[in-house]
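Note sheet for the following structure.
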Amino acid sequence: MATYNGSSFIKRQLDSIVTQLHEGDEIIIVDDCSSDGTVEIITNDFKEINIRLFVNEFNLGSVASFEKAIKYANGEYIFLADQDDIWLENKVEIMKNSFTHETMLVVHDAYVVDGELNILNNSWNNYNKNTITNNIILNFMKNGFTGCMMAFKRELVTKVLPFPKNIEMHDQWIAQVCMLNKFKIVKINLPLMYYVRHGGNVTGMKKRSLFVQIRGRFKTLKNILRYRKITKKE
């Protein structure tokens, strides 16, 4: 989990996670220089929980903070989490049971809710018109993978890290690496969490200019081609 000034939400989110932990499980949190008491809530309210907290010396941003968290994770399965969502009580069990020997990544759906937890839509994938597929071309055109709804095996870490310096979305990169390596991806068509959209940002989609969209796709394409070149040499 990456946190930044999430004091209004972090306790609620961690409460929904810790009830699903088993012996040996851990929570990795990288805080990106919060100034609102987020770190204090984590350290004071969850003393008995196996939480490894790392506080950045300076602001790294979301992508780099998640990279750091993934790097420090020791578990067989790595779940990504945002600070302000709420996991449903069966999320971990259902996702872990969805892994087979061949499966490398599992992704699920979510209820879309506002800040008061009123349900806006029963399916984030329908709401955001996500296409979850192993087709890298379709993913290149529009990313359908949402990080906080993903879990993957530890073996994938050496494939996805380090993140390319210019990526805009770590979740898209993780999914693309799976596709490039022809790893099996499993989609769960069930909402396993409340995906919270705050204020006016209820769609989760920021309006971006055509130039910004094209630039983002160009960066993504460069990273894909560079990765393929490196892996072919190996």
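The values are calculated or read from the model by the stated rules, or taken from the named source; none is laboratory data. Just so we're clear, the structure is a prediction, and the values are computed from it rather than from any experiment. Cβ sites come from the backbone with ideal geometry, for glycine too, and all protein chains shown count toward neighbours.
Can you list the helices (runs of 4 or more DSSP H) lying wholly within segment 99-199 that have 3 or more residues being under 16 Å from TYR227 (Cα atoms)? Passing ranges, in order: 136-141, 157-160, 170-180. Which pairs do you get when a residue that is farther than 14 Å from SER98 by Cβ, found in segment 170-186, comes within reach of a residue that is small (Gly, Ala, Ser) and at pLDDT 95 or above, reach meaning Cβ atoms under 7 angstrom, with the pair 6+ apart or on two chains? From segment 170-186, the pairs are HIS170/GLY147; ASP171/GLY147. Comparison of ASP36, ASP82, ASP25 shows that the only residue that is over 16 Å from ASN5 (Cβ atoms), among the acidic types (Asp, Glu), part of a loop (DSSP other than H, G, I, E, B) and modelled with pLDDT of 95 or more is ASP25. As a summary of the residue check, MET95 satisfies the conditions (1) closer than 16 Å to MET1 by Cα; (2) not in a loop (DSSP other than H, G, I, E, B) except for the one numbered (1).
Has segment 121-130 got any residue that is of a type in the set (Lys, Arg) and either within 23 Å of LYS165 (Cβ to Cβ) or at pLDDT below 95 (or both)? Checking segment 121-130: at least one residue is of a type in the set (Lys, Arg) and either within 23 Å of LYS165 (Cβ to Cβ) or at pLDDT below 95 (or both). In this structure, THR146 does not satisfy being hydroxyl-bearing (Ser, Thr, Tyr), without any contact (Cβ under 8 Å) to a residue 24 or more places away in the chain and under 27 Å from ASP84 (Cβ atoms). Can we say ALA64 is in a helix (DSSP H, G or I), more than 20 Å from GLN13 (Cα to Cα) and modelled with pLDDT of 95 or more? Yes, satisfied.
In segment 45-58, the condition of being modelled with pLDDT of 95 or more, over 17 Å from the mean Cα position of the chain (by Cα) and β-branched (Val, Ile, Thr) is met by at least one residue. Here segment 211-234 is the region considered, the condition is being among the charged types (D, E, K, R) and surrounded by 12 or more Cβ atoms within 10 Å (Cβ to Cβ), and the residue that is modelled with the highest pLDDT is LYS222.
Scanning segment 69-79 for residues that are closer than 24 Å to ASP15 by Cβ and not in a loop (DSSP other than H, G, I, E, B) yields a total of 6.
Is it the case that ALA73 is within 15 Å of the chain's Cα centre (by Cα), aliphatic (A, V, I, L, M) and farther than 23 Å from VAL196 by Cβ? Yes.
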